[in-house]
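First comes the structure, then the notes that go with it.
The values are calculated or read from the model by the stated rules, or taken from the named source; none is laboratory data. Please read all numbers here as calculations on a predicted model, not as lab measurements. Here the Cβ is made from the backbone with ideal geometry for all residues, glycine too, and neighbour counts use every protein chain on show. Note: accessible area is taken over every heavy atom of the protein model, side chains too, but ligands, DNA and RNA are not part of it. Shrake-Rupley method; radii C 1.70, N 1.55, O 1.52, S 1.80 Å.
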Amino acid sequence: MLIVPPGRYRSVAQDLRETLVEGETGFVVPPNDSAALAAALTRILQDDVLRRRLGDAAQRRARREFSREM
């Protein structure tokens with residue numbers, strides 16, 4: 001989970017576009033939308049398969065896209 005301070009959402013959101021693939025490696029929720037955040041967290045917490053899939057995909061993407069090895 002990523003907590004973004006007020007005023008930094010736009011900058012952080014731009015950075016997230018490089019690392020997070022919506023629905024594949026995680027979920028992005030609109031700022032100040034506690035219902036959307038609760039729904040995303042509930043979905044991840046209640047679905048073991050989804051949680052594992054998101055984590056595995058994020059790990060593969062990080063290794064593939066951001067590894068220092070060339």
For this session: May I ask you to give the solvent-accessible area per residue for the stretch 12-55, in square angstrom, as obtained with a 1.4 angstrom probe?
Result: 71
Exercise. Given a Förster distance of 25 angstrom, what is the FRET efficiency for Thr42 paired with Arg17, based on the Cβ-Cβ distance and rounded to 0.05?
Worked result: 0.50
